[in-house]
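What follows is calculated from the coordinates using simple rules that are stated; it is not laboratory data. Because the structure is predicted, anything quoted here is derived from the model rather than measured. Please note: Cβ atoms are built from the backbone with ideal geometry, for glycine as well, and neighbour counts cover all protein chains shown.
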Amino acid sequence: MNIHTKNLNEGEAACDALVLPLPEGKAGYDESFPPSLKRLLKRVISRDFRGKLNEVMLVPAPDDIAPERILLAGLGKKNEITPERVRQAGGKSAAALKNAGMKRICVSSRVLSASGISPTVFIEGSLLGIYTFRKYLHEKDNREIDSITLLSAPSEELQKSLRWTKAVVSSVSFARDLINTPSNDMTPSHLARAAISLKSSTLVVKVLEKKDIMKLGMGSYLSVARGSHEPPKFIILEYKGAKASPLVLIGKSVTFDSGGISLKPSEGMEKMKYDMAGGAAVLGIVKAVSELKMPVHLIAILPATENLPGGAAAKPGDIVRAMNGKTIEIISTDAEGRMTLADAIAFAGRYKPKAIIDIATLTGACSIAFGNGAIAMMGNNRELIDALKKAGEETHERVWEMPLFDEYKEFVKGDVADLKNTGGKNGSLISSAYFLYEFAENTPWVHLDIAGTAWVDKEKPYTPKGASGVGVRLILNFIKELK
Ligand code: BES
Ligand code: MN
Ligand code: ZN
C-alpha cells in the first residue's frame, strides 16, 4: 500500500473516495470546500448523517469535483474530539471503504488540523483497522486499498510523523501475524526464525539452544520445555543505537500453553496460541526501532518454549533451580510464564540494564480484572511506571498500576524451596508479579500483564478480531520519549 501526502484541495484530488472526517452538527465542515461539495454536505448533514462517533456514510460526489465518492466519517461532538476518537474514526472509515471495494483513497486533513490533532493519527487508525489474517484461507479477497493520500500542505513534521506511523503500524501487523499463526507453525524455532529475519548491520540476533541454556543453569525456564518435543529457543536481539546502558525488553514466548501436567480445560484452549503475544510485541518493537534507527541501546529477550504435558514434563511438587540460584517448587505447571521469565530477568541482569520491562500474557486474573480495557502494570521504579502510564494515555494502550505490597511476598514464599510458583488463584495477578520481582531485585523493572488485551474476541474500531498487537505502540511511544 502507498501512503503519501499531496498539496491539493478537496475538489482536485482524483480518487475513488475522499474521506471527510466531520464532527457532529451543521457547521462542522470547512468553508474552503468547493461550492458543490458544500451544497451536498448541507443537504446530507443532520438529515442523513449526524457525525456521531464512528458513523460512516458513502455518497456519490458532485459531478464537478475530482473525487468519485465522498465518505463522511463522524468524529462525535466537536469539543470532545481526542486522538483516540480520530484513530477510531480512521479505523471505521478504512474498513468501510475496503468493504465497498474502494482502491484509491484521499483523506481531507482540514477538520483534524483545525482541532489540533495530527492527521497521521487518522491514518494510523485506518491502517490498523484494515489488517486481516488470511494466510490459511483459500479464498482470495481482492478488496484491498491500494493507496491513501493525505491532502495537506507539505511539512517536515508531517513527513516525519507519517514515517513513524508507517513503521509502527507495520510492526503491529508483524506482531499480529506472529500471534495469529497457529502453534503448529509458530513453534519456538519459527519464532527464532522470525527474529533472525530482522537481522541487519545494526541488529544482532543470537539464539541459545537447549545445551547453552542448560550450561547457563536456567532450570526454571527449562522445566517448562521438558514436556514438549519442540526444542526451546532463548532468543536475544541487540540493537545498539546509543552508547548508554541498555533498556531490556523481555516478552513471554510460550508458543502454546496447554497448562502442562496441570492441564487446562479443553474449552477455549485453542486460544492459548496467543501466549507468545509478549514476545511477538517485543519483536515488533525491535523491528520499528531498527527501521527508524532510533537512538537507544535495546536488548530484547524471548525465552521461547511450548508448555505441554509430555512424558518428561515437569510435575507439580518438582523443585528446580533458576539461574540466580533460587529454588522454586512447582505448584502448578500452568504457572509456566513466570518460570520462563524468572530466568530471562536473571539473565538480563548481566547487561547491567538501566531498566527491564517484561510484557506477558501472564494471568487469567488480569483478564478477569480488566477485560480488554487495560494492561496491568506492576514494578519497582516510580519513574518507569509513570513514563509507561503517559505512553499508555498517548497510544490508548492504557496501563493500570496494581500494588506490589510487601505482603505479597508471603504468597510466593516456598515451604520446601525458596519460592513456590503460585500462591493460588486469589491475588494471582499481583503475586505473579511479586514472583518476578524476586528476580529483578534492584534493577529498575516493570511488568506488564497483557492477558486481557492481547486478544480481542469482538472487533473494535481499529482492532479486528484476533491478535491486537498490544504493547507495540505503547513501548515504542515510551522509547521515543526516553531521555
Ligand atoms: N497463559 C496463562 C494466562 C492466560 C490465561 C493468558 C487466559 C490469557 C488468557 C498462564 O500461563 C496461566 O495459565 N496462568 C494461570 C496461573 C495460575 C495457575 C496461578 C492462571 O492465571 O490461571
Ligand atoms: Mn499457563
Ligand atoms: Zn501461559
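Using all pairs of distinct alpha-carbon atoms, the Kirkwood hydrodynamic radius of the range 1-136 works out to 14.8 angstrom. Projected onto their three principal axes, the Cα atoms of the range 435-483 cover extents of 40, 29, 10 Å, largest first.
Other residues whose C-beta falls under 13 angstrom from the C-beta of Leu249 contribute a net charge of +1, scoring Lys and Arg +1 and Asp and Glu -1. With N counted as the residues of the range 157-224, its alpha-carbon radius of gyration over 2.2 N^0.38 Å works out to 1.52. Checking Cβ-Cβ separations below 4.7 Å across the chain identifies Cys366 as cysteines lacking any candidate disulfide partner.
Over 30 Å apart at the Cα level, from the set Lys206/Lys390; Lys252/Lys315; Lys98/Lys458, are Lys206/Lys390.
The residues packed around Pro461, meaning those with a beta-carbon under 10 Å from its beta-carbon, carry a net charge of +2 if Lys and Arg are +1 and Asp and Glu are -1. Each peptide in 432-443, 121-132, 361-372 gets a packing score, the mean of other Cβ atoms within 10 Å over its residues, and the list from highest to lowest is 121-132, 432-443, 361-372. Translational diffusion of the range 345-457, estimated by Stokes-Einstein from the Kirkwood radius over alpha carbon pairs at 10 °C in a medium of 1.306 mPa s, is 110 µm² per second. For Asp318, the amide hydrogen comes within under 5 Å of the amide hydrogens of Ile330, counting only partners 5 or more places away or on other chains and with H modelled in the peptide plane. Charged neighbours of Asp415, selected by a Cβ distance under 15 Å, balance to 0 (K, R count +1; D, E count -1). Extents of the chain, taken as max minus min of Cα coordinates on every principal axis and listed largest first, are 80, 47, 42 Å.
Put simply, the range 187-319 fits an ellipsoid with semi-axes of 30, 16, 11 Å; these come from the alpha carbon gyration tensor as the roots of five times its eigenvalues, largest first. Compared with the dominant Cα axis of the chain, that is its longest principal axis, helix 35-44 is turned about 70°. Report note on the peptides 282-294, 332-344: ranked by the mean count of other C-beta atoms within 10 Å, highest first, their order is 332-344, 282-294. Extending 7 Å from Cα along the Cβ direction at Glu156 and again at Glu383 yields two label points whose distance is 3.0 nm. Mean projected area of the Cα convex hull of the range 80-147, taken over all directions, amounts to 4.9 nm².
Seen against the Cα atoms of the chain and their longest principal axis, helix 83-99 is set at about 70 degrees.
For helix 382-395, report the angle its Cα long axis makes with the longest principal axis of the Cα atoms of the chain; keep it between 0 and 90° and round to the nearest 10°. Its long axis makes an angle of about 30 degrees. As a proxy for reagent exposure, ranking Met323, Met272 by other Cβ atoms within 10 Å from fewest up yields Met272, Met323. When Rg is the radius of gyration of the Cα atoms in the range 262-359 and Rh is its Kirkwood radius, what does Rg/Rh come to? The Rg/Rh ratio comes out at 1.03. With a threshold of 30 Å on the Cα-Cα distance, the over-threshold entries among Lys26/Lys160; Lys38/Lys480; Lys264/Lys326; Lys38/Lys92; Lys420/Lys483; Lys287/Lys413 are Lys26/Lys160; Lys38/Lys480; Lys420/Lys483; Lys287/Lys413.
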